[in-house]
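The values are calculated or read from the model by the stated rules, or taken from the named source; none is laboratory data. Just so we're clear, the structure is a prediction, and the values are computed from it rather than from any experiment. Here the Cβ positions follow ideal geometry from the backbone for every residue, glycine too, while neighbour counts run over all protein chains shown. We work out accessible area using only protein heavy atoms, side chains counted, and drop any ligands, DNA or RNA first. Shrake-Rupley method; radii C 1.70, N 1.55, O 1.52, S 1.80 Å.
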Amino acid sequence: MKRIFNHIKTGVVLLAFLAVSCEKDEVVNHQTTITESLPSFPDDNSSLDLNIVRSNEMVIFEWEPSKAADNSVVFYELLMDKDNGDFSSPIYKGTPAKLGSENRISLSHSALNEIVKGLGVAELETVKLKWKVVSTNGVNSVSSNAVRSMTVRRALDLPNELVLYGTGTEAGDDRGKALKLKKVSDTRFEVYTSLQPGTYGLVKGAVNETDDVFNFKGSDISDGMGNITVNAGVYRITVDLLTGLNFTEIQSVGLWFAAKNAVSNVLTYRGNGVWEAKDIPIAWAQVSWGKDERYKFRITEKDAAGTVTNKFWGSASKDNNRPTPSSAASYYYLNQVDNTQWDYTYKFASESQTTDITLTMQGAMPYTHSITYK
């Protein structure tokens, strides 16, 4: 009888212990609950045009902090998915700074562009995405019911080559005759050509039937053809992927003779970035040390605001010898130089009563010039 009583006593103690343990578990679970985190920025149904030129510019995703019942630290994870997704396989998972405890995360234009690119979205095309936040304190986690959407337009990838065509250009509507621009930096291209009012289109890379055409409206890049509204003339067109399209009028191209410190002959534009002066006399100038044969070129430009500027183009070397038939082609390459009278000049090989001078500024080759003595 005593043994039975002891067993009953032990069972009662065990039940009491289990009851206390369950009560403690309930208290712990209650004390570690956390509140839902609500998105706060960007606004719902916002739009974002990505620009690869501003690749380091950040887009901030922000949310209201969650609160843990026991005041423990809450950590976050940003989830992004397609508009028709359910976040079971998100296209992006991101952890914010401070080991994930900060209530914001910054994504660069470049990173976002890679995300939408991975979805198969074409350049300059749009896709609708949605995002939410998951909060956790290591014991409990809660996924926000509040979800925000945004429409994202994929950026135009940085081109290595760029060509121009359209009714307002020398190429006309024939894409096969499109003019190649010279790449002067990662984001800037230029071309010297004549223009008239009409249409224009820019194409990345080689010209073929599948290339997408784009244009500029201010600094915004748009699909399709754009319009040229400048007066007919010769221009230097600058395509800046950050600031847009600029037209600088070329008012004159002159042979600048160093000894005279002035333009001696004006070259005529022949098309396709080529200026010529034909059958002109080349006579070296008599100076105190003998005859001087140095020259370079002066291009007079007028920008859209009407400001006129003289730019000098000459040799990469500050001083030169006379060229010979075996001189390298690079001797004649054109480089933008200062306006000093004697420096960065070329030298005529000889004097001649009938001389042809050709200056060529085309995107497919180094800017250069040639002298033909007859």
Cα-based Rg / Dmax (Å) for the chain: 35.2, 140
Taking the chain and dividing mean pair separation by its residue count, relative contact order in percent (alpha carbons under 8 Å, at least six apart): 11
Of LYS291/LYS311; LYS177/LYS302; LYS180/LYS204; LYS182/LYS204; LYS183/LYS204, pairs whose Cα-Cα distance is over 18 Å: LYS291/LYS311; LYS177/LYS302
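So for the stretch 83-242, averaging the separation of alpha carbon pairs under 8 Å that are six or more residues apart and normalising by length, what relative contact order in percent results? List each step's numbers first, then the result.
Details: 279 pairs, mean separation 25.7, N = 160.
Relative contact order of the stretch 83-242: 16 percent.
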Top positive-direction residue, dipole computed over the stretch 299-374 with Cβ charges, set ALA305, ALA328, PRO366: ALA328
Leading residue at positive end of dipole, the stretch 103-255 (Cβ point charges), from GLY224, GLY118, PRO159: GLY118
The stretch 145-212: relative contact order in percent, alpha carbon pairs under 8 Å with at least 6 residues between: 35
Proximal lysines relative to LYS67, as straight alpha-carbon distance under 22 Å, when same-chain residues fewer than 8 apart are discounted: LYS24, LYS93, LYS98, LYS132
Max mean-square fluctuation residue, GNM over the chain, Cα-Cα springs under 10 Å, options GLU249, GLU62, GLU351: GLU351
Gaussian network model of the chain, springs between alpha carbon atoms under 10 Å - residue of GLN336, GLN286, GLN362 with greatest fluctuation: GLN286
Rounded percent of accessible protein surface that carbon and sulfur make up, the stretch 309-358, 1.4 Å probe: 43
Degrees, to the nearest 10: 2-31 long Cα axis against longest axis of the chain: 30
Size of charge dipole - the chain - debye, nearest 20, with Cβ of Lys, Arg +1 and Asp, Glu -1, no other charges: 780
q = 0.20 Å⁻¹, the stretch 199-278: log10 I(q)/I(0) [Debye, one scatterer per Cα]: -0.96
Residue with peak Gaussian network fluctuation, the chain [Cα springs, cutoff 10 Å], from ILE237, ILE221, ILE357: ILE357
Solvent-accessible heavy-atom area per residue, rounded to whole Å², over the stretch 215-279 at 1.4 Å: 45
